[in-house]
Amino acid sequence: VDGAHFERLGHLRPLALPGGDRAARDPWRMAAAALFDLGRGDEIASRFADQPGAEIVATMLAKGLNSPRTSSMGRVFDAAAGLLGICPRMEFEAQAAIALEQNATAYIETHGWPTPLAGGWHIDGNGQLDLLPLLGALSTEPDTGYGAALFHATLVAALLQWALRAAESSGIGRLACVGGCFFNKLLRAGMVERIPAAGLELLMPRQLLPGDTAISLGQAWVAMHKLES
């Protein structure tokens, strides 16, 4: 970011949203999308047999119908929660991510942080971070607490490598962490501990919350500078 201008150095590997916005309310749908991309689409109908429309979702994914793709980190949290069976359907916003964090916190308080999953992610030459290997491992993990903790540990390790690689290639020495996922105390603590130790200056929200409030302020700031120019 340079003033009101920016260059996109990377993004998450997109996942399908079967049913569009409906998938943002039903984490099992994001779990189904992950299974499909893992080449395991034939498991969807039986794995989520207790969810209305599971067969339809499997067909939608297979045919690419009403399944736009998203690179949202929030949907990756949803997919993880859905694969672990922690929160198949949400009754309020971010319920799945909160439940995932709570399960991970309970495990970590008793057992400590697990070792990040070896091979749990890939970063391609275009800066795309692929977390499918991690999601695949969660799909067969019977211990929801360990699985949730493993998700957080691996995500922090992946984000650290991703950020350091982007910083090295671009010469950037300062990193700002923003977005609703930084309400997550485990993710935030992991970045606060590891990023400065790796030699980067870390900027975190302080006067505003990290979600839409701060994003809206940033949009207003950019608009103000555009109008001035």
message: I need the full set of residues from the range 190-216 which are without any contact (Cβ under 8 Å) to a residue 24 or more places away in the chain, assigned to a helix (DSSP H, G or I) and open to solvent by less than 100 Å² (accessible area, probe 1.4 Å), in order please.
response: 192, 196, 197, 213, 216
message: Please determine whether any residue of the range 47-59 is touching a residue at least 24 places away in the same chain (Cβ under 8 Å), open to solvent by less than 60 Å² (accessible area, probe 1.4 Å) and within 28 Å of residue 123 (Cα to Cα).
response: yes
query: Could you count how many residues in the range 217-229 are surrounded by fewer than 14 Cβ atoms within 10 Å (Cβ to Cβ) and more than 21 Å from residue 74 (Cα to Cα)?
result: 9
- prompt: When only residues in the range 95-142 that are open to solvent by 30 Å² or more (accessible area, probe 1.4 Å) and among the hydroxyl-bearing types (Ser, Thr, Tyr) count, which is nearest to residue 170 (Cα to Cα)?
  reply: 115
- prompt: Since residue 108 meets every condition but one in (1) at pLDDT below 95; (2) over 22 Å from residue 70 (Cβ atoms), which condition does it not meet?
  reply: (1)
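The values are calculated or read from the model by the stated rules, or taken from the named source; none is laboratory data. Quick caveat, the model's predicted, so the values are computed rather than measured. When we count neighbours, we look across all protein chains shown, and the Cβ atoms used for this are built from the backbone with ideal geometry, even at glycine. Heads up: the accessible areas ignore ligands, DNA and RNA and are worked out on the full protein's heavy atoms, side chains in. Shrake-Rupley method; radii C 1.70, N 1.55, O 1.52, S 1.80 Å.
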